[in-house]
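Q: Have a look at this one.
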Amino acid sequence: MTKPEIQTLLLLDDGTFPNNGKLPLVLFQQAFDPTTKNLAETVENTFHANAWQNSWHNGIFTFHHYHSTAHEVLGIYAGRVKAQFGGQDGQNVTAKAGDVIIVPAGVSHKNLDQSPDFRCVGAYPEQQSPDMQYGKPGERPQADQNISSVVLPKFDPVHGKSGPLLELWAPALRT
């Protein structure tokens, strides 16, 4: 692991997607050395060691969706992706091998474009299980109630107990 450059985006309710007005999306650029042999395994093992479980390997769906019952981490281990967060008028983020994106519960995400070799590992804080929401009428207010009940993770998925995610999300504990 290297010391990543950190970017945050606070994504507000857009009327269709609740997003998360308390917790910012966090992008760790180059959290992992992209030249690491077996990077997928390294990323997944790091997430598991830091209590982010139920991992999977694949990509990001090409339609807007969000999870109202879990936060999600995406560790890019091959290629690059341009993803949109926050809905149709949201923010575009480009991530590449070695980057990690932490998506708070409620934040819509969609794959806009990717390299042919793009792959990522996804995972969720222990004891959290994702649902699938699509911004359809009728999902709310239940989705909003779910999002407000999702607890903060105990560990940063990359850096553990003393990681920057916990500092960045700590203000949510005070509100």
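Q: State whether the residues of segment 118-135 include one that is open to solvent by 30 Å² or more (accessible area, probe 1.4 Å), among the charged types (D, E, K, R) and over 17 Å from the mean Cα position of the chain (by Cα).
A: no
Q: When residues of segment 45-68 are filtered for being within 20 Å of Ala105 (Cα to Cα) and open to solvent by less than 50 Å² (accessible area, probe 1.4 Å), how many remain?
A: The qualifying residues number 12.
Q: Does Gly138 satisfy being assigned to a strand (DSSP E or B) and either under 17 Å from Glu44 (Cα atoms) or without any contact (Cβ under 8 Å) to a residue 12 or more places away in the chain (or both)?
A: no
Q: Same structure again: Taking the residues in segment 1-28 that are polar (S, T, N, Q) and surrounded by fewer than 16 Cβ atoms within 10 Å (Cβ to Cβ) as candidates, determine which candidate is nearest to Val158 (Cα to Cα). Steps first, please.
A: Taking segment 1-28 first, the residues polar (S, T, N, Q) are 2, 7-8, 16, 19-20.
Next, from what is left, pick out any that are surrounded by fewer than 16 Cβ atoms within 10 Å (Cβ to Cβ): 2, 7-8.
On the way: Thr2: 10, Gln7: 15, Thr8: 16 Å.
Looking at residues that are polar (S, T, N, Q) and surrounded by fewer than 16 Cβ atoms within 10 Å (Cβ to Cβ), I get Thr2.
Q: So the check is Cβ under 8 Å with 6+ separation or different chains; which pairs have a first residue in segment 142-163 that's at pLDDT 95 or above and a second one that's among the β-branched types (Val, Ile, Thr)?
A: From residues that are at pLDDT 95 or above, the pairs are Asn146/Thr69; Val150/Thr69; Pro157/Thr46; Pro157/Val73; Pro157/Val100; Pro157/Ile102; Val158/Thr46; Val158/Val100.
Q: Mind listing whichever residues of segment 46-97 are over 14 Å from the mean Cα position of the chain (by Cα), small (Gly, Ala, Ser), more than 17 Å from Trp169 (Cβ to Cβ) and in a loop (DSSP other than H, G, I, E, B)?
A: Within segment 46-97, Gly79, Gly87, Gly90, Ala97 meet the criteria.
Q: Let me ask you something else. Give me the pairs: first residue in segment 83-102 and among the acidic types (Asp, Glu), second residue open to solvent by 10 Å² or more (accessible area, probe 1.4 Å) and modelled with pLDDT of 95 or more, beta-carbon distance under 7 Å, and six or more apart or on different chains, which are they?
A: Pairs found: Asp89/Asp14; Asp99/Gln29; Asp99/Gln30.
Q: Considering only residues that are part of a loop (DSSP other than H, G, I, E, B) and either of a type in the set (Lys, Arg) or under 14 Å from Val26 (Cα atoms) (or both), look in segment 156-175 and name the one that is most open to solvent (accessible area, probe 1.4 Å).
A: Of the residues in segment 156-175, the ones part of a loop (DSSP other than H, G, I, E, B) are 157-159, 161-163, 175.
Now narrow it down to the ones that are either of a type in the set (Lys, Arg) or under 14 Å from Val26 (Cα atoms) (or both): 157-159, 161, 163.
Details: Pro157: 0, Val158: 3, His159: 63, Lys161: 146, Gly163: 1 Å².
That would be Lys161.
The values are calculated or read from the model by the stated rules, or taken from the named source; none is laboratory data. What you see is a predicted model; the values in this text were computed from it and never measured. Cβ coordinates were reconstructed from backbone atoms using ideal geometry, including for glycine residues, and neighbour counts include every protein chain displayed. Calculation scope for accessible area: heavy atoms of the full protein, side chains included, ligands and nucleic acids excluded. Shrake-Rupley method; radii C 1.70, N 1.55, O 1.52, S 1.80 Å.
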